[in-house]
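First comes the structure, then the notes that go with it.
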Amino acid sequence: MNCSDEAMRHVHHTPLTAASAALTSLIDGNERFANGNATRPHQTAQWRRYLHDRQRPIAAVLGCSDSRVPTEIVFDVGLGDLFVMRTAGHIVDESVLGSLSYAIDVLNVSLVVVVGHENCGAIAAAVDELTHVKDPNSHISPNYLVNSVAPAIRAASEGGHVNTGDVERRHLTNMSARLAARCGPLRDGLTDQTLGLATMHYDLRSGKAELLSVILP
């Protein structure tokens, strides 16, 4: 997996906790997927029956609703492995906060991951809306998405030009920070050093997810 040197040093120099083991599993799975060596684990009828009355996902993942970034496929995992929440532009709303609280308090996940991606249509639409270059076919609600992406758009603006790729990464960081601030169980877990939080940016062409930042117990 593509990853910043600083982030990888944090992964390799951290004692093997449930959070770091989960992150390593996702890194390895994405490597297999990107290289065309996916194993597609935990998808048998026997495993499906085993999960009938139990689940213990290794991580909770907030990703974008984009059809090109199906979380379980991108990380080469199977049934019961991830607790996945997907919204357009991986926006953090009340439903996401409630779902994540459930994943932490009830399912005992040890790692939370926020995954963004390049060429995000929702973010591009928000950029068009805010810069007044509107697509007549767009149905984006300014109150829902544009307001959430606006801080990243303003930060990425240079001389009136907006770099959409920069907006994607800044928005990803903003949504991760919003989760940490607004989700009580996540905030407490980060403070108590019982939970990990990572952000990743997915490249559509290569299939690789770059690790942008990570906090591990």
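The values are calculated or read from the model by the stated rules, or taken from the named source; none is laboratory data. Note that the structure is predicted; figures quoted are calculated from it, not measured. All Cβ positions, glycine included, derive from the backbone under ideal geometry; neighbour counts span all protein chains shown. Remember, those area values only see protein heavy atoms, side chains included, never the ligands or the DNA or RNA. Shrake-Rupley method; radii C 1.70, N 1.55, O 1.52, S 1.80 Å.
See the values below:
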{"quantity": "Dipole moment magnitude, nearest 20 debye, the chain about Cα centre, only Lys, Arg, Asp, Glu C-beta charged", "calculated": "400 debye"}
{"quantity": "Value at 222 nm in deg cm²/dmol, rounded to 500, when DSSP H runs of n ≥ 4 in the chain each add -39,500 (n - 2.57)", "calculated": "-13000 deg cm²/dmol"}
{"quantity": "Prolate/oblate/rounded label for segment 26-123 (Cα gyration tensor, a/c 1.5)", "calculated": "oblate"}
{"quantity": "Long-range amide H partners of Tyr202 with built H, under 5 Å", "calculated": "Gly116, His117, Glu118, Glu210"}
{"quantity": "By average C-beta atoms within 10 angstrom, highest first, the peptides 36-49, 59-72, 185-198", "calculated": "59-72, 185-198, 36-49"}
{"quantity": "The chain, accessible surface, carbon-and-sulfur percent (1.4 angstrom probe)", "calculated": "48 percent"}
{"quantity": "Unit charges at the beta carbon, dipole of the chain: most positive-side option, Asn147, Val162, Thr39", "calculated": "Thr39"}
{"quantity": "Accessible surface, the chain, averaged per residue in Å² (probe 1.4 Å)", "calculated": "50 Å²"}
{"quantity": "Range of Cα positions in the chain per principal axis (Å), largest first", "calculated": "52, 37, 35"}
{"quantity": "For the chain, built as a Gaussian network whose Cα springs stay under 10 Å, the top-fluctuating residue of Leu82, Leu204, Leu100", "calculated": "Leu204"}
